[in-house]
Structures are given as structure tokens and as C-alpha cells.
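Undergrad: Below is one structure. I have some questions about it.
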Amino acid sequence: MEINKELLESLWTEAKGNVRLRQNYDLRTSSADSSQRMLNALLPETEVPIHRHEKTAETVICVAGRLEEIIYEEVDRYVHDTTSRCTDVVRTKGFKEVSRHVLSPAEGQFGIQIPAGAWHTIHVIEPSVIFEAKDGKYGEDGSETLEKFIARRVSESEVPAFLNSFGDLKKNIEYLIGMERQFGAMDVISPLYIARTLNVPLDKVESAMKEIGIY
């Protein structure tokens, strides 16, 4: 087959009739092919969720048009929560845009290699066609959207299990403080923050911290 003007125009026509305003064309020639290789016709206003491919890098080549690849990363955010007892600094996770890459063959910007695990999306500036290549079959490459990732993390408790032992609680507190210092948190770590993080009653945390000698 040839990848020519007629093929691209036919893909744009199909994309116009697609509610998602995009249309892909599978370039594999066998069901035994375990890669992902396709053309993807994209129209302005198409919405591509922020997503990642945890197990594979992705190669994107812009064949026609103009678009931006937008890369995000997970960052720590510190939220100040003022209570009647103290001002607590709570570390949470967030996501921020770190770079934009214009892809436009007319401008000599042809493509990008997106590292495995990098969060990314596309902003289509004008009707475009890109070539995409990834390792692994669809659904087996560790791909997930940011929305599903956040929902999964909320449903799966990231809080260390509290074993209902005063001794274990003191160990958990010391471990948590050590990890906070390792991540660069130099603010005073309050009993309220620890209670919320470990999901333990505040009075038990205060007692344990007094035993350790850090409250």
C-alpha cells in the first residue's frame, strides 16, 4: 500500500463523521503482529485524554498538519490546613504540564519519542495525520488514562496498614517522618498530619509521639 494524499484525505473524511473527530488506520498486516502501528487522522477539537503507556515508549511522527504533544509529570503539592490546634502542612500529589512540542512537517518538526510511563496528550491545531508506533498489543501495554489512574489510586489505599499496636504505631511514625525528610519536607510534621496519613486517631498519635520524644 501507499501512504499518499488520497489516503490521508479519506481518513480526514472518516474523522469528520466520527463523534470523536479522529480516525485510525491499522498498518499491521497480521493478527500475529504484537506491536501497535497505525495512522491516526485528527481534527481540531478532538479530545484525547491525558494518558500514559507504562510498558512501552511511543514514537509519533507527524505526516501532515500541525499539532502539539503535551507532556505532564506527577509532582508533590503542599496544602496548608489551619485547624484549632495548629497549622498542618499536608503533602498531596498533583500533575503539571512540563513541556509542549509542536509537530509540523512544514516547519521541519517531524516527530517525538515519548518515554514509557510519561503522561501526555495532543492538542490538534489543524487537521493532522500522525504515525504512531508502540510495543505490545492494544490493552497489554500498560496504557491508562489519568482519570482512571486517579480513580484507582483513590480506591486502593496507599496508607500503610496500622496493626493496632502502640509499638507498631511508633515505628510507623518514625518511618513516615523519615520518608518526609527524604522527600525534602523540612516543615514541622504535626500529629494531625500523621493521624490523617496513617488513618489513626489523633490522641493515639500524640501519645506515641510523646513516647518517641518528638512532640
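The values are calculated or read from the model by the stated rules, or taken from the named source; none is laboratory data. If you're wondering where the values come from, they're calculated on a predicted model, not measured in any experiment. Cβ atoms come from the backbone with ideal geometry, glycine included; neighbour counts cover every protein chain shown. Ligands, DNA and RNA are excluded from the accessible area calculation, which covers all protein heavy atoms including side chains. Shrake-Rupley method; radii C 1.70, N 1.55, O 1.52, S 1.80 Å.
Undergrad: With segment 132-215 as the region, which helices (runs of 4 or more DSSP H) entirely inside it contain at least 3 residues that are modelled with pLDDT under 75 and over 30 Å from A64 (Cα atoms)?
TA: Per the criteria, 146-155, 166-182, 191-198.
Undergrad: Follow-up question, since we're still on this one. So which residues in segment 100-136 are open to solvent by 80 Å² or more (accessible area, probe 1.4 Å) and in contact (Cβ under 8 Å) with a residue 60 or more places away in the chain, if there are any at all?
TA: Of everything in segment 100-136, those that are open to solvent by 80 Å² or more (accessible area, probe 1.4 Å) and in contact (Cβ under 8 Å) with a residue 60 or more places away in the chain turn out to be E126, D135.
Undergrad: Among the candidates E14, E58, E69, single out the residue that is more than 22 Å from the chain's Cα centre (by Cα), of a type outside the set (K, R) and modelled with pLDDT of 90 or more.
TA: The unique qualifying residue is E14.
Undergrad: Inside segment 141-154, can you point out the residues that are in contact (Cβ under 8 Å) with a residue 24 or more places away in the chain and either open to solvent by 60 Å² or more (accessible area, probe 1.4 Å) or among the small types (G, A, S) (or both)?
TA: G142, S143, E147
Undergrad: Say whether the condition of being under 23 Å from H123 (Cβ atoms), without any contact (Cβ under 8 Å) to a residue 40 or more places away in the chain and β-branched (V, I, T) is met by at least one residue in segment 17-35.
TA: For segment 17-35, residues under 23 Å from H123 (Cβ atoms), without any contact (Cβ under 8 Å) to a residue 40 or more places away in the chain and β-branched (V, I, T): present.
Undergrad: State the number of residues belonging to segment 26-42 that are of a type in the set (S, T, Y) and modelled with pLDDT of 95 or more.
TA: 0
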